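J.: My questions all concern the structure below.
The values are calculated or read from the model by the stated rules, or taken from the named source; none is laboratory data. The shown structure was predicted, so the numbers you read here are calculated from the model rather than taken from an experiment. Because the Cβ atoms are built from the backbone with ideal geometry, glycine has one as well, and the counts that use them run over all protein chains shown. Note: accessible area is taken over every heavy atom of the protein model, side chains too, but ligands, DNA and RNA are not part of it. Shrake-Rupley method; radii C 1.70, N 1.55, O 1.52, S 1.80 Å.
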Amino acid sequence: MNASFLQTPIEYLKGVGPNRADLLRKEAGIFTYQDLLHFFPNRYIDRTRYYKINELQQNNAEMQIIGKITHIKTVEQNKRKRLVATFTDETGTMELVWFRGLKWIKESLKINVPYVIFGKVNWFNGCFSMPHPEMELMEEHEQSLRSAMQPVYPSTEKLSNSGITNRIINKLMQQLFLDSKNKFSETLSKNILEELKLLPKNESLFNVHFPKSQVLLSKAQYRLKFEEFFYIQLQLIRKNLIHKSKIKGYRFEKVGPLFNTFYNAHLPFDLTEAQKRVIKEIRNDLGSNAQMNRLLQGDVGSGKTIVALMSMIIALDNGFQACLMAPTEILSVQHYNSLVEMCNNLEISISLLTGSTKTSERKIIHENLENGTLDILIGTHALIENKVKFKNLGLAIIDEQHRFGVEQRAKLWHKNEFPPHILVMTATPIPRTLAMSVYGDLDISVIDELPPGRKQIKTVHRYDSNRLKVFKFIRDEIAKGRQIYIVYPLIQESEKMDYKDLMDGYESIEREFPKPKYQVSIVHGQMKAADKDYEMQRFVKGETQIMVATTVIEVGVNVPNASVMIIESAERFGLSQLHQLRGRVGRGADQSYCILMTSFKLSSDAKTRLETMVRTNDGFEISEVDLKLRGPGDMMGTQQSGVLQLKIADIMKDGDILKIARSYAWQLLKQDPSLTNPENIAVKNTYAQLTRYKNIWNYIS
């Protein structure tokens, strides 16, 4: 079947017309024959069995019955009319009932003619009834393409209210298959079909819409899911390979004196094997001719900062500048302080640029950047302002990149003639299946090992009624010289309420822990940056023992002496947020604790989140649970959710198919990068079509 037939606008299909076409476009995203073909059922009803009326049970199940209408009447009750038909077979009698569209239905019903009816059976007033049944004349039923497994298509209120029922969609689908004579071009190579024993394309499409059996339906779904993942991966991997071949990067030829001095004389601790492996991967990228485009994943506290610093030192050794962009001022300041400390004995100039940098300082930073005397610039979005010009930016590192939009990242690219190497870092572990789809065009490095000597953080769940015991525990920890975080949720829509929660909490903590014996800091988003900074610094220096805060402290605050994290209303936080907050403690040598405080009223999702936190400290395991609970779109935030509008595959349930599809896409592109081999002609044509008709598979961000 040629591609242009499938691009025919949907109004030209018999049975559609302009009004229905308009609804299908708006409500179901169906613009063309191709869209209808890829409008897959979301469940199936087994219609293999026909019941007799005397076999019906009072169980509200969906049943299929053969019989005749013997009588029709209109019943008026409380100003409402209903149409009631008496339906009989050789074993008994039941009622069919309609509350809407009475005139049209009454005119269309035929008396004493065999019908097949299908619907939910109710037991009411000593009689079985079926409201708004699906009905088909027996002779039509026997002739139709309909299978025993009845597909149920996704619907909306507007579609069903406008008469575009499941049965109508099914009829349109039959029409499409009749018009096309079920001749759909094969989209996969013979090798792939044979190796994986996949059904051909036209058999798969037929059996997903009109399954002949459970077995054929499963095979058809597997084939179509594989294909969907395969082409997404093909596009992502190809994007990566083209990127490497076309976009030249600066070649960092050497690992020079700065790097060697730092590594041999000033490394603050021994690197883990995982850190060494990742640095090697980055060095290989920087030494090649292509621009590096790498994602570095590492759990909270796994030591990404030192990897970032050593990558920047390689850039400096090769005569280039480097920058590190973080999403918040607090995090930028922290990166700045820790890098300055680690580079203390090296001749490296480092500056910090944020929204609150004074104009006089900015001027100096801008000059030093342009004349090349400034080596490393750390900051927030301020780095991508047009005024910020580098002499020769060789490496840009973006921390917690999911907080930056694509355009913001692109601005860093245009700071020089050649784009700098890009290293993207995240402490939010991303499940493998999601990373393969969302970041499939990046190379991925993972630090999957914590530095030695780190003790596991003990996590417990406590109800509000245990509060006095928790206060006693806080006192005991402070007596040992430790510090405590107490975090309150802050959710934009109800900031007033949350702010009140925070202030109430702060006051009750001050009552329980009175001055001068105890000192309490408070930090929240509505404070001025300078006040926030002042309170943070008091806590960092150990002048206050308790920090009451909102999630402002979620990312990157590093106080090794803080050993207890108490999260109030923990049920209101997402899993990755809870995990990030827990990562603020456990940074020193002492045993650390995380206490999740909640009320007794918990949804089942909230219970799952809390149980997961208590059970494991492994960020990757936590991210898998998070993916199951929230789904991919929510997890990645708005920037990336467009990647995952899949037609038939499900990233959570079909992870195994995704892995197979990715490995086949890799293999194919390794052997035949330009898809010119004769056996890959089907793949090449399909790929060209997908990139031409962007509206069909609009997956790739």
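J.: Would you work out what percent of the accessible area of the chain, with all protein chains in place, is carbon or sulfur (probe 1.4 Å)? Show your work: numbers first, answer last.
T.: Details: 16640 of 33240 Å².
The computed percentage sits at 50.
J.: Just to check I understand the Karplus step: with θ = phi - 60° and J = 6.51 cos²θ - 1.76 cosθ + 1.60, what whole-Hz values come out for the range 350-365, glycine and proline as x?
T.: 10, 10, 10, 10, 9, x, 9, 5, 5, 4, 4, 5, 4, 4, 5, 4
J.: Arranged from highest to lowest average of other beta-carbon atoms within 10 Å per residue, in what order do the peptides 320-329, 13-22 appear? Before the final figure, lay out the partial values.
T.: Details: 320-329: 24.3, 13-22: 14.5.
Ranking the peptides 320-329, 13-22 by packing returns 320-329, 13-22.
J.: Taking the simple approach of a point 7 Å from Cα along Cα-to-Cβ for both Lys73 and Phe620, what is their distance in nm?
T.: 7.0 nm
J.: Helix 304-317 against the longest principal axis of the chain: what's the angle in degrees, Cα atoms only, rounded to the nearest 10?
T.: The helix 304-317 is inclined about 60 degrees to the chain.
J.: Report the local net charge at Val121: Lys and Arg +1, Asp and Glu -1, summed over other residues whose C-beta lies under 15 Å from its C-beta.
T.: On the way: positive: Arg47, Arg49, Lys52, Lys120; negative: Glu55, Glu62, Asp89, Glu95, Glu134.
Charge balance near Val121 sits at -1.
J.: Mind giving me the nanometre distance, one decimal, between the label points for Lys183 and Phe269, set 7 Å out from Cα along Cα→Cβ?
T.: About 6.8 nm, to one decimal.
J.: Residue-wise, which Karplus ³J(HN,Hα) couplings in Hz belong to the range 66-76, taking 6.51 cos²θ - 1.76 cosθ + 1.60, θ = phi - 60°, and x for glycine or proline?
T.: Per-residue couplings from phi come out as 9, x, 10, 8, 9, 7, 10, 9, 9, 10, 9 Hz.
J.: In degrees, nearest 10, range 0 to 90: what is the angle between the Cα axis of helix 214-246 and the longest Cα principal axis of the chain?
T.: So the helix axis and the longest Cα principal axis differ by about 40 degrees.
J.: Follow-up question, since we're still on this one. Using the structure shown, list the pairs from Lys197/Lys684; Lys601/Lys653; Lys607/Lys647; Lys248/Lys391; Lys455/Lys541 with a Cα-Cα distance above 27 Å, or answer none. Display every interim value, and only then the final one.
T.: Numbers: Lys197/Lys684 21 Å; Lys601/Lys653 30 Å; Lys607/Lys647 31 Å; Lys248/Lys391 18 Å; Lys455/Lys541 23 Å.
Cα-Cα > 27 Å for Lys601/Lys653; Lys607/Lys647; rest within.
J.: Which percentage, to the nearest 5, of the DSSP beta bridges contained in the chain is antiparallel? Intermediate results must be reported in sequence, preceding the final value.
T.: On the way: 35 of 90 bridges.
Close to 40 percent.
J.: Give me the 1.4 Å probe accessible area per residue for the chain, excluding ligands and nucleic acids, in Å².
T.: Values: 33240 Å² over 701 residues.
For the chain, the per-residue accessible area is 47 Å².
J.: Below 19 Å, Cα to Cα, which lysines can Lys472 reach? Residues fewer than 8 away in the same chain don't count.
T.: Lys458, Lys480, Lys515, Lys517
J.: Per residue of the range 654-661, what does 6.51 cos²θ - 1.76 cosθ + 1.60 with θ = phi - 60° give for ³J(HN,Hα)? Whole Hz please, x for Gly and Pro, Karplus curve as stated.
T.: Karplus values, whole Hz, x for Gly and Pro: 10, x, 5, 5, 4, 4, 5, 4.
J.: What is the set of long-range amide H partners of Gly249 at a cut-off below 5 Å, with H atoms built 1.01 Å from backbone N?
T.: Ala290, Gln291
J.: Right, another one. What FRET efficiency do you get for Tyr51 and Leu602 if R0 is 51 Å and r is their Cβ-Cβ distance, rounded to the nearest 0.05? Walk me through the intermediate numbers first.
T.: Values: r = 42 Å, r/R0 = 0.83.
In this case the efficiency is close to 0.75.
J.: Further question on the same structure: I want the local charge near Thr433. Using Cβ-Cβ distances under 13 Å, sum +1 for each Lys or Arg and -1 for each Asp or Glu among the other residues. Mind dumping the intermediate values first?
T.: Numbers: positive: Lys225, Arg432, Lys628, Lys653, Lys659, Arg662; negative: Glu624, Asp626, Asp650, Asp654, Asp656.
Result for the neighbourhood of Thr433: +1.
J.: Here is a further query. Which value, in Å² and to the nearest 10, is the accessible area of Asp270 when all protein chains are kept and the probe is 1.4 Å?
T.: Answer for Asp270: close to 130 Å² accessible.
J.: Next question. Would you please give the FRET efficiency between Asn191 and Ser155, computed as 1/(1 + (r/R0)^6) with r the Cβ-Cβ distance and R0 = 45 Å, to the nearest 0.05? Can you show the working numbers first?
T.: Details: r = 39 Å, r/R0 = 0.87.
Rounded to the nearest 0.05, the efficiency is 0.70.
J.: Roughly what angle does helix 619-641 make with the longest principal axis of the chain, taking Cα atoms, 0 to 90 degrees, to the nearest 10?
T.: With rounding to tens, the tilt is 80 degrees.
J.: Ignoring everything but the protein chains, give the 1.4 Å probe accessible area of Lys391 in square angstrom, nearest 10.
T.: Solvent-accessible area, nearest 10 Å²: 130 Å².
J.: So what does His71 come to for accessible area, using a 1.4 Å probe and Å² rounded to 10?
T.: It works out to around 100 Å².
J.: Among the lysines, which have Cα under 18 Å from the Cα of Lys14 when same-chain residues fewer than 8 positions away are ignored?
T.: Correct list for Lys14: Lys171, Lys181.
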